[in-house]
Amino acid sequence: MSAVAWQRLLGATWGGRAAALCRGLRTGPPRLQDSAEAAEKQSATDLSPLILQRNSMRWDGKIYEEIPIAHIKATYNNTHIQVVSFDNRPFARTSCGTEGFQNAKKGTAIAAQTAAMAAAVKARGKGVLHVRVMVKGLGPGRKAAIKGLTMGGLEVISITDNTPVPHNGCRPRKARRM
């Protein structure tokens, strides 16, 4: 990819701010010295808008990596919700079963929403306001649990799907005959 293509790509991504950065993106042995000299001449003030833009996103004075995480494990029979700090200290843990749902009712969206609301209230009591959400599993309580966290008073910053997907690893069970 040529330097002009990189300028166009990064200029479109960063709003034109990185055009000065892209002038040094050339390959080949004779031009490496030219790009090193150009980088030395470039002052820190050219990079300061990018640095400020990256660090300006804060929630209650915390950067993204320090925001607590809400882990949602949605299976077909139950939904587990756990809110932990960024260094894995638990704030709240609930599931549909601990909220009083029994048997097949544990696998419903209403049960997941109720459990998530209970976890959010417990976490709010310990000072948590913003969470990152990590969802694992394909159960019916995926979306309902996220909605329950917001209904419980937590602000969801990001949602990450962490569902394990096999790349044709294990042999499946034999087909069910009806």
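Observations on the model:
- For the set 167, 71, 130, solvent exposure ranked by accessible area (probe 1.4 Å, protein chains only) runs largest to smallest as 167, 71, 130.
- Residue 130-residue 176 FRET efficiency (beta carbon distance; Förster radius 45 Å; 0.05 resolution): 0.55
- Measuring with a 1.4 angstrom probe and ignoring ligands and nucleic acids, residue 87 comes out at about 80 Å² accessible.
- Using heavy atoms of the protein chains and a probe of 1.4 Å, the accessible area assigned to residue 131 is about 0 Å².
- Taken over segment 71-178, lysine pairs spaced eight or more positions apart, or on distinct chains, with alpha carbons under 21 Å apart number 17.
- Using the Cβ of residue 157 as centre and a radius below 12 Å, the other residues enclosed give a net charge of -1, where K and R count +1 and D and E count -1.
- Under the shape rule built on the C-alpha gyration tensor, where the axes satisfy a ≥ b ≥ c, segment 114-178 is prolate, since a/c reaches at least 1.5 and a/b is greater than b/c.
The values are calculated or read from the model by the stated rules, or taken from the named source; none is laboratory data. Because the structure is predicted, anything quoted here is derived from the model rather than measured. Because the Cβ atoms are built from the backbone with ideal geometry, glycine has one as well, and the counts that use them run over all protein chains shown. Protein only, heavy atoms only, side chains kept; ligands, DNA and RNA dropped before computing areas. Shrake-Rupley method; radii C 1.70, N 1.55, O 1.52, S 1.80 Å.
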